[in-house]
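Here is the structure we will look at.
A short reminder: the numbers here are calculations on the coordinates, not readings from a lab. Keep in mind that this is a model prediction, so the values were computed, not measured. FYI the Cβ positions are ideal-geometry reconstructions off the backbone, even for glycines, and counts take in every protein chain you see.
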Amino acid sequence: MIEFKNITKTYGGTKAVDNMSLVIEDGEFVCFIGTSGSGKTTSMRMINRMVRPNDGQILIDGKDIRELNEVNLRRQIGYVIQQVGLMPHMNIYENITMVPKLLKWDEEKMRETASYLMKRVDLPESLFEQYPSELSGGMQQRIGVIRALAADQNIILMDEPFGALDPITRDSLQRLVKRLQMELNKTIVFVTHDMDEALNMADKIVVMDHGKVIQVGSPKEILMNPANDFVKDLIGEDRLNQAIFEYETVESIMRKPISINENRTIAQAARLMSETKVDDILVVNDDNLLVGRIDMRALSRRSKPEEKVSTIMKQVTYITEKTSIRDAIYYVQDLSHRNISVVDEAGHLKGIVTRGDIVESVYDAFWNDYEPLFEEDEVQLDYEKVSGAIEQAQNGGDDA
Ligand code: ADP
Ligand code: MG
């Protein structure tokens, strides 16, 4: 565990980091995010004592890092500035084992670790003797990632390591680093100014502004409850809207279903349909478990009115209350259901979500506070003006 306790770092008169307190758990992926100059790099570099705070304490596993041997501390912590930048004159094996060699690991352990990591990223050991320039760009990137992990440090600091990469490479490396971090249970502190990167990778996001920690939370917490307008701006409106669909469940938009017990008769179902003007009703058993549905077509077939509903009901598709609105959109849209029923974990009927409900929630999220950019966009007919103009045109025509 890494603990920042009231850490302040001043340069000249300005506070690069201002009274920062934070807990980073073992195995956690923490992203520091904020605009340029907000104190991200400074905060990170205090963890391995590359920068000394003016005030406060940093503890690693309960020990004040000032009391630890500086060399040992640095060995315990990996530090990555730029992911690629493999040494061109060293072969792949030498590149991967660069730090372990500095740490004076024995040859066998280095070999084992390098082989293990190559397997983790699906590269053959035959590449060991080759030089970076002989490898494809993608392979070089993967080597760069495992080099960061090769010294087997529990804590790894990464300062905008993917900053210079194109979006596709960046995306695949983010995934790779995240996967390896989880598999190898590393604690990673990662600085970025890219919100997508933070949302993709972090267990915990630390939003910084002017040296202050503005908000700490999981991606979900940050997206669903941004602390203030600064955080909102950093996330951006599109992501905030998308988040609603990802994290909000259909529970919030479902409506009361029209349902009938399976032991009722077809005649009763027909009456219910005509009374409610709903032509597609759900069938439940005595325990309110969803068992089927019936619609107009079922009724119009030559079925006997006194027979039980259960004799003509059809299969029904359903989702649970915990289904995200995004997934519900998929079912209703792409699988072209007009509506979809909602059940709890045990299968009890809870509600129904119609296409209309979904359209409404999409509208609310994206268009609710839409204001036309130009007044002309507003469809507004000034009847007096219009009729006046028509009259004028007609008169003009007469005169001519
Ligand atoms: P970030 O990584 O969020 O872009 P930094 O932590 O690098 O921000 O910088 C935070 C603030 O501290 C900035 O205003 C920066 O100019 C200042 N700063 C950082 N390092 C130094 C330094 N060595 N000397 C003077 N000012 C510094
Ligand atoms: Mg920085």
Relative contact order, percent, the chain [alpha-carbon distance under 8 Å, six or more residues apart]: 15
Projected area, mean over directions - the range 248-369, Cα convex hull, nm²: 7.8
Distance histogram in 20 Å bins (all Cα pairs of the chain, percent per bin): 21, 34, 27, 15, 2, 0
The range 269-372: relative contact order in percent, alpha carbon pairs under 8 Å with at least 6 residues between: 20
q = 0.25 Å⁻¹: log10 I(q)/I(0) that the Debye formula gives for the range 1-42, counting C-alpha atoms only: -0.96
Distance in nm between pseudo-label sites at Gln130 and Phe230 (7 Å out along the Cβ direction from Cα): 4.8
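Could you state the orientation-averaged shadow area of the convex hull built on the Cα atoms of the range 213-293, in nm² to one decimal? Please list the in-between numbers first.
Values: hull surface 33.0 nm².
Reported value for the Cα convex hull: 8.3 nm².
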For the range 165-306: Kirkwood Rh in Å [reciprocal of mean 1/r, alpha carbons]: 19.9
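What do you get when you divide the Cα radius of gyration of the range 98-222 by 2.2 N^0.38 Å, with N the number of residues? Walk me through the numbers before you get to the answer.
Details: Rg = 16.2 Å, N = 125, 2.2 N^0.38 = 13.8 Å.
Against the empirical 2.2 N^0.38 Å value, I get 1.17 for the range 98-222.
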For the range 20-65, alpha-carbon Rg relative to the globular expectation (2.2 N^0.38 Å, N residues): 1.18
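Gain in length, Ile81 to Arg255, computed as 0.36 nm per residue apart minus the alpha-carbon separation, to one decimal in nm? It would help to have the intermediate numbers written out before the result.
Details: separation 174, 0.36 × 174 = 62.64 nm, distance 5.19 nm.
In short, 57.4 nm is gained.
Of all trypsin sites (Lys or Arg not before Pro) in the range 305-350, which ones are in loop regions per DSSP and have a Cβ with at most 12 other Cβ atoms within 10 Å?
Numbers: sites: Lys308, Lys314, Lys322, Arg326, Arg338, Lys350; in loops: Lys322, Arg338.
Loop-located and lightly packed - Lys322, Arg338.
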For the range 35-116, alpha-carbon Rg relative to the globular expectation (2.2 N^0.38 Å, N residues): 1.37
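Would you work out the charge dipole size for the range 72-183 about its Cα centre, treating the Cβ of every Lys and Arg as +1 and the Cβ of every Asp and Glu as -1, and quote it to the nearest 20 debye?
Working: 14 positive and 15 negative charges, 66 e Å.
Dipole magnitude for the range 72-183 comes out near 320 debye.
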For the range 1-137, the Rg and Dmax computed from alpha carbons only, in angstrom: 18.6, 55
In degrees, nearest ten, helix 237-247 long axis to first principal axis of the chain (Cα): 70
Magnitude of the charge dipole, the chain, Cβ model with Lys/Arg +1 and Asp/Glu -1, debye to 20: 1840
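With a/c under 1.5 counting as rounded, go ahead and sort the range 156-210 into rounded, prolate or oblate using the C-alpha gyration tensor (a ≥ b ≥ c being the square roots of the eigenvalues; past the cut-off, prolate if a/b is larger than b/c, else oblate).
Values: a/c = 1.75, a/b = 1.08, b/c = 1.62.
Note, shape of the range 156-210 comes out oblate.
Looking at the calculated P(r) for the range 201-258, what percent of the C-alpha pair distances fall above 20 Å?
Details: 544 of 1653 pairs.
Result: 33 percent of Cα pairs exceed 20 Å.
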Cα gyration tensor, the range 119-165 - rounded (a/c under 1.5), prolate or oblate: oblate
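Please state, as a whole number in µm²/s, the translational diffusion coefficient that the Stokes-Einstein equation yields for the range 267-326 at 37 °C and 0.692 mPa s, with Rh defined as the Kirkwood radius across alpha carbon pairs.
Values: Rh = 12.6 Å.
Value of D from the Cα-based Kirkwood radius: 260 µm²/s.
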Estimated FRET transfer efficiency when R0 is 60 angstrom, pair Met90-Thr8 (beta carbons, to 0.05): 0.90
Value of [θ]222 nm, deg cm²/dmol, for the chain, DSSP H segments ≥ 4, -39500 (n - 2.57) each, nearest 500: -11500 deg cm²/dmol
